[in-house]
Each structure stands twice: as structure tokens, then as C-alpha cells.
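First comes the structure, then the notes that go with it.
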Amino acid sequence: MEIQPTDRIPEADLVERLYGMWKALRSRGESPQGDWVEGIARELHQGLRTGRLARRGSTSILGFLSIADGEAFGHLHCDGPSDPELGARVLADLIDGLPPEVAALVVGFTGLPSSDETALIREVDRPGGRTIPRRALLRPIGSGDEIPLTPPVASARRLPVREVPLSALAQLDQRAYAGTVDALLTGPEPRHHERILDELLHHRLGRFLDEASLALVEVDTGALVGLAMTAELSAHTAVLLDVGVDPMARGKGYGRFILRWTFRALRALGYEEIRLWVTDENLPARRLYEQLGFRTAGQATLYRWGRDPGQPQSG
């Protein structure tokens, strides 16, 4: 077994392995954009991003992290026969190398069967760690989505997402997910949401579709009560990047309206299907999605590790 920092790996070798990761992400409906592969490889080789490459026999596992706002986000990809023990060694090494100011880490996996993702996480066995199962949902877009729609509350008005200050969108997003397992995947404060939303608006996970994204405002109070953000995965497929309703405005039908309006906009743009990811624990959202025609199209596991506030080292 050999584990090496990625700044010791030839950049061309990193590019080849990252293309394997990129293909695995594409196959499950995720689509890093632009020069993602070349950019990550360059940063890993130059030591601008933390990464590890482990080899044992014909198996290799590449893991890397990005750090922002005191949170770390990473990914592990396995090439060759699945080896959860080797993956656990890579993940543990990444955790041990986190700077003290990083409060939490979220990691995704590709190239491993879901049973081996679970085995890898069990092997790591760190205090503060937990498994977060997610599922990909898919819904066809068809002629039934062409019907005209009006907001369920007369005073509600649609606005283009880009006409709303990013800080207001982030505050709504934070309120919508506060107290849920989904909040563990972003960070506890609006600034964490603001960074992620800014990346989405700048096409980080696909060409952003302004025409099929919206903010919903109650005119009489001026309150921002809902949002939806979509992007293009392919010429025929769109992805719902984010959808949220303010907890104080729930029960009025806003969530169903926002989703149905999104379907109608995508139909007008010529898309044939829409995908999204949802955590298994988010039962209210899953029920709504299923009522509106979404079906499970895949599953994945995330691992989240959170530092004990009194523990400066990862242990």
C-alpha cells in the first residue's frame, strides 16, 4: 500500500484519474463544467489543493479537498477493483491533515458499490462522523406541463433570481434548510449558502438556466418566500440545483407551485427531463417530489465529519 500527496504525482497522471472521476459523476447526472479536470489536476500538482493518491495492486484511489469559509468539501474516486479499506486510509489521512480552523468536512464517493461506501465509512470510524444517504430523482417533462399557472397566494410575484440580492437568496436558503440534515452539507451560516449560490449562478454545476429559475416574493410584505434554481446537464436534461420555501410561508402551496412552474419553463425551453438530488431523511420533500412524478434514478452516500469545538486536532 502506498499513499502519496498529489503534489508529488505527475500532472498528466492526475488528469487521467480525474477524467475517470468526471465520467463517473456524469453517469449519475452530475456535470462539473469547463476545465474542471485540468484545473483540479493543476491545483493538486502545484499543492494549491490538498489531495492524496493511494495504490494497492491494480486499485488506485484519488481523494482531494477544497476549503472555504471554515468548511472542507471533498471527493474520493476508486479506479480498479473496489477497496474500501484503502479508501478509508485515504479519507483518514485527509481528515488528519485538515487545518485546525476547519470545522467540518463533507466527502462524496464514486467508483465504489454503495455497500463498499458504507464499509469505507465504517472503517474510518471517527467521532463526529456520520453517513448521509442521498438519492437521485428523475422526472420526464411533457405536454402535461404546459398548463398556465398562477401563484397560490394572490400577492405573490415571480422575479428573476438575478434581480434579488445574493445575500437575500442566501438568507432564505439558510432558513429553508436550518435544522435539517441538508444544513450539514452546506454550513450553518448564510455566508456558506451565499458562496454556494454564487457558484451555481456562475455555472459551476452546469449552464445556469435563468429562464427556468425564479424567486417568489409576497408583494404586500416584501418578503422573499421561495426560490428555484436550475441548470443544464445536457441538451435534453436539466437539473434542479436548489429549491426552498421560507418556513414561515409553508402550507400555502408555494413549494408545489414553484416546482410546477419550473416544469412548465423547462418544457418551453425544450428539455425532456429534470433531475435532482435529495437526502433520504428529507421525507416531506421526497413525498412532494413523488407526488409530482419524480422516481428514484440512483443513490449515493456522503460522509460528514464535524470537529468537536474543544478539539483542535482531528485525532
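In the stretch 107-128, which residues are over 14 Å from residue 75 (Cα atoms) and not in a loop (DSSP other than H, G, I, E, B)?
Initial filter on the stretch 107-128 (over 14 Å from residue 75 (Cα atoms)): 113-116, 118-119, 122-128.
Within the stretch 107-128, 114, 115, 116, 118, 119, 122, 123, 124 qualify.
Would a scan of the stretch 141-163 turn up a residue that is assigned to a helix (DSSP H, G or I) and polar (S, T, N, Q)? Don't jump to the end; show me each part of the working.
Just the residues of the stretch 141-163 that are assigned to a helix (DSSP H, G or I), to begin with: 143-146, 161-163.
Okay, now just the ones that are also polar (S, T, N, Q), so 143.
Scanning the stretch 141-163, I find at least one residue that is assigned to a helix (DSSP H, G or I) and polar (S, T, N, Q), so the answer is yes.
Quick check: anything in the stretch 180-197 of a type in the set (A, V, I, L, M), crowded, with 20+ Cβ neighbours inside 10 Å and touching an Asp or Glu at 6+ places or on another chain (Cβ under 6 Å)?
Within the stretch 180-197, not a single residue is of a type in the set (A, V, I, L, M), crowded, with 20+ Cβ neighbours inside 10 Å and touching an Asp or Glu at 6+ places or on another chain (Cβ under 6 Å).
Of the residues 26, 17, 8, only one is basic (Lys, Arg) and surrounded by 15 or more Cβ atoms within 10 Å (Cβ to Cβ); which? Before the answer, list the steps.
Working: 26 fails: surrounded by 15 or more Cβ atoms within 10 Å (Cβ to Cβ); 8 fails: surrounded by 15 or more Cβ atoms within 10 Å (Cβ to Cβ).
Being basic (Lys, Arg) and surrounded by 15 or more Cβ atoms within 10 Å (Cβ to Cβ) holds for just one of 26, 17, 8, which is 17.
Can you tell me which residue is nearest to the chain's Cα centre (by Cα) among those in the stretch 29-44 that are touching a residue at least 24 places away in the same chain (Cβ under 8 Å) and under 17 Å from residue 74 (Cβ atoms)? Quick ask: steps written out before the conclusion?
Kept after step one, since they are touching a residue at least 24 places away in the same chain (Cβ under 8 Å), are these residues of the stretch 29-44: 29-34, 40-42, 44.
Add one more test, that the residue is under 17 Å from residue 74 (Cβ atoms), and what stays is 30, 32, 40-41, 44.
Working: 30: 9, 32: 11, 40: 17, 41: 21, 44: 21 Å.
The residue in question is 30.
Look through 135, 130 and report the one residue that is among the basic types (Lys, Arg) and surrounded by 16 or more Cβ atoms within 10 Å (Cβ to Cβ). Lay out the reasoning, then the answer.
Working: 130 fails: surrounded by 16 or more Cβ atoms within 10 Å (Cβ to Cβ).
Exactly one of 135, 130 is among the basic types (Lys, Arg) and surrounded by 16 or more Cβ atoms within 10 Å (Cβ to Cβ), namely 135.
Residue-wise test of (1) assigned by TED's automatic domain parsing to the domain that holds residue 102; (2) in contact with a strand residue (DSSP E or B) (Cβ under 6 Å, 6 or more places away or on another chain); (3) farther than 25 Å from residue 281 by Cβ.
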{"position": "173", "(1), (2), (3)": "no, yes, no"}
{"position": "176", "(1), (2), (3)": "no, yes, no"}
{"position": "191", "(1), (2), (3)": "no, no, no"}
{"position": "198", "(1), (2), (3)": "no, no, yes"}
{"position": "209", "(1), (2), (3)": "no, yes, yes"}
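In the stretch 49-88, how many are farther than 23 Å from residue 131 by Cα, of a type outside the set (Gly, Ala, Ser) and surrounded by fewer than 16 Cβ atoms within 10 Å (Cβ to Cβ)?
Total meeting the criteria: 0.
Can you tell me which of 143, 155 is touching a Ser or Thr at 6+ places or on another chain (Cβ under 9 Å) and among the polar types (S, T, N, Q)?
Details: 143 fails: touching a Ser or Thr at 6+ places or on another chain (Cβ under 9 Å).
Only one candidate passes the filter, namely 155.
What single numbered condition from (1) within 18 Å of the chain's Cα centre (by Cα); (2) free of Cβ contacts under 8 Å to residues at least 12 places away in the same chain fails to hold for residue 227?
(2)
When you scan the stretch 287-296, do you find a residue that is buried (at least 20 other Cβ atoms within 10 Å of the Cβ), in contact with a strand residue (DSSP E or B) (Cβ under 8 Å, 6 or more places away or on another chain) and part of a helix (DSSP H, G or I), even just one?
First pass over the stretch 287-296, keeping only residues buried (at least 20 other Cβ atoms within 10 Å of the Cβ): 289, 294.
Narrowing the set further to residues that are in contact with a strand residue (DSSP E or B) (Cβ under 8 Å, 6 or more places away or on another chain) leaves 289, 294.
Next, from what is left, pick out any that are part of a helix (DSSP H, G or I): 289.
Taking every residue of the stretch 287-296 in turn, at least one turns out to be buried (at least 20 other Cβ atoms within 10 Å of the Cβ), in contact with a strand residue (DSSP E or B) (Cβ under 8 Å, 6 or more places away or on another chain) and part of a helix (DSSP H, G or I).
Among the listed residues 127, 81, identify the single one that is more than 22 Å from the chain's Cα centre (by Cα) and either among the polar types (S, T, N, Q) or farther than 21 Å from residue 28 by Cβ (or both).
Exactly one of 127, 81 is more than 22 Å from the chain's Cα centre (by Cα) and either among the polar types (S, T, N, Q) or farther than 21 Å from residue 28 by Cβ (or both), namely 127.
Among the residues that make up the stretch 224-241, is at least one of them surrounded by fewer than 18 Cβ atoms within 10 Å (Cβ to Cβ) and touching a Lys or Arg at 6+ places or on another chain (Cβ under 7 Å)? If you could, list the steps in order and put the result at the bottom.
Kept after step one, since they are surrounded by fewer than 18 Cβ atoms within 10 Å (Cβ to Cβ), are these residues of the stretch 224-241: 234-236.
Keeping just the survivors that are touching a Lys or Arg at 6+ places or on another chain (Cβ under 7 Å) gives none.
Scanning the stretch 224-241, I find no residue that is surrounded by fewer than 18 Cβ atoms within 10 Å (Cβ to Cβ) and touching a Lys or Arg at 6+ places or on another chain (Cβ under 7 Å), so the answer is no.
The values are calculated or read from the model by the stated rules, or taken from the named source; none is laboratory data. Being a predicted model, the structure only gives us computed values, none of them experimental. Glycine gets a Cβ as well: all are built from the backbone with ideal geometry, and neighbour counts include every protein chain shown.
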